1. List every residue whose amide H lies under 5 Å from the amide H of residue 358, counting only residues 5 or more places away in sequence or on a different chain, with H placed 1.01 Å from N in the peptide plane.
2. How about region 85-160: which trypsin sites (Lys or Arg not before Pro) there lie in a loop by DSSP and see at most 13 other Cβ atoms within 10 Å?
3. State whether region 42-296 is rounded, prolate or oblate according to the following rule on the C-alpha gyration tensor (a ≥ b ≥ c being the square roots of its eigenvalues): a/c under 1.5 gives rounded; otherwise a/b larger than b/c gives prolate, and the remaining case gives oblate.
4. Find the accessible area per residue for the chain; the probe is 1.4 Å, ligands and nucleic acids are left out, and the unit is Å².
5. Can you classify region 45-140 as rounded, prolate or oblate using the Cα gyration tensor, where a ≥ b ≥ c are the square roots of its eigenvalues, rounded means a/c under 1.5, and otherwise it's prolate if a/b beats b/c and oblate if not?
6. List the residues whose amide H sits under 5 Å from the amide H of residue 142, counting only those 5 or more places along or on another chain, with H placed 1.01 Å from N in the peptide plane.
7. Using Cα atoms only, what is the angle between the long axis of helix 300-321 and the major principal axis of the chain, expressed in degrees (0 to 90) to the nearest 10?
8. In whole Å, what is the distance between the alpha-carbon centres of region 54-119 and region 6-35?
Amino acid sequence: MEIASNITRIREDFPILTSTVHKHPLVYLDNAATTQKPWSVIKKIEDGYTKQNANVHRGVHFLSQMATEAHEAARATVQQFLGAAHTHEIIFTRGTTESINLVAYSFGETFLKQGDEVIVSEMEHHSNIVPWQLLQQRKGIIIKVIPFNQQGELDLTEYASLFSERTKLVAVTHVSNVLGTINPVKQLVQIAHKHDVPILIDGAQSVPHIAVNVQDLNADFYVFSGHKIYGPTGIGVLYGKEKWLDAMLPYQGGGEMIAQVSFEKTTFNELPYKFEAGTPDFIGSTALAEAIRYVQNIGMDQIAAYETYLLNYATDKLQQIGDVHFFGTSSHKSAVISMQVGDIHHYDMGTLLDKLGIALRTGHHCAQPIMKHYGIEGTLRASFALYNTTQEIDALIAGIERVKQLF
Ligand code: PMP
């Protein structure tokens, strides 16, 4: 579906977009933090609790079977959306953060020894740094860092030179939540595989905005969060190649993840259940599947094209204001703009824009190494979604002009 010509109808799908904030129409430009939800997703959550709520997998009764079927159908929807080979390669988690922690723990416990190396990049979200540092504390591993240049692009020559005999895993983001850079993931995978090293891709900022096919990318692990793709909070995905997931130790122990339990010997369940201890978020999974159907109906290519149009429109207009410094100027960019306006503190700018109903994010965006790279404490960040409009960007520009006049 072509978005620009259907934008009024699309916006009607998202009830929150008609809100007013401080007596102004809401202009929501904090989509990299979380996205708003369409009626179909909200309705799915309501239906989950009003029509088919029962615990999954264990019940013989009607409601339990219905809930189980919906939960497993959701897994198949995610599998098809990501282009994974098998449904059992899709593990439901709480989100990107938990997916990365799962891999850091289970892959780390299974395969890493003191002195082994993990490569991450300088542009990672803290959730793709700290789990590896925890592993470092537990096991004495070494973390190596791929630097990025002034445009916010990874240095691929430096990346290739970081591999050694001890490299056991690479973990990098597909799209930076601060710089917007779309990293050349296929190339990153190829370089890792040339060294026989598996690679985890953080898809938190890519899956909602561009088409992703994990088999085409040949990623070993790929992770994302439901709430950033118009789905509910508290549900996310870990895709992992069967060969790795099969070999990895479980992450958490409990119900669902076992085959047999006795005090003498416990055996673990098959994939994907081995990694899904406890009652899963079966309402969240079905609502996430609904969100995926929502973006698929519009089309990921249409979404990517429309958001690029918004990005270019906003970048041009911001440049015209003058005195706006951009962090992240790659030509391969997603619709995220991090900036500094004159010498106005990002926090002051964010607070004053809020008074005009405009929601932007300020601060370090959970990526302090990026801030260190530029020698700053934070930025003002506008991030776009499929329901944003050029009129909203005009409101942002007018808001920034107004705040500038105040200073
Ligand atoms: N990685 C990236 C690139 C992100 O932008 C975010 C969220 N800002 C995360 C990981 C963490 O996602 P979550 O908080 O949903 O687990």
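1. So residue 358 has HN proximity to 27.
2. Of the trypsin sites (Lys or Arg not before Pro), the ones in loops of region 85-160 whose Cβ has at most 13 other Cβ atoms within 10 Å are 113.
3. Oblate, since a/c reaches 1.5 and b/c is not below a/b.
4. Result: 42 Å² per residue.
5. prolate
6. Long-range HN contacts for residue 142: 115, 116, 117, 118.
7. Relative to the chain, helix 300-321 is tipped by roughly 30 degrees.
8. 31 Å
The values are calculated or read from the model by the stated rules, or taken from the named source; none is laboratory data. Just so it is clear, the structure is predicted and the values come from calculations on it, not from any experiment. Cβ coordinates were reconstructed from backbone atoms using ideal geometry, including for glycine residues, and neighbour counts include every protein chain displayed. Side chains are part of the model used for accessible areas, which takes the heavy atoms of the whole protein and leaves out ligands, DNA and RNA. Shrake-Rupley method; radii C 1.70, N 1.55, O 1.52, S 1.80 Å.
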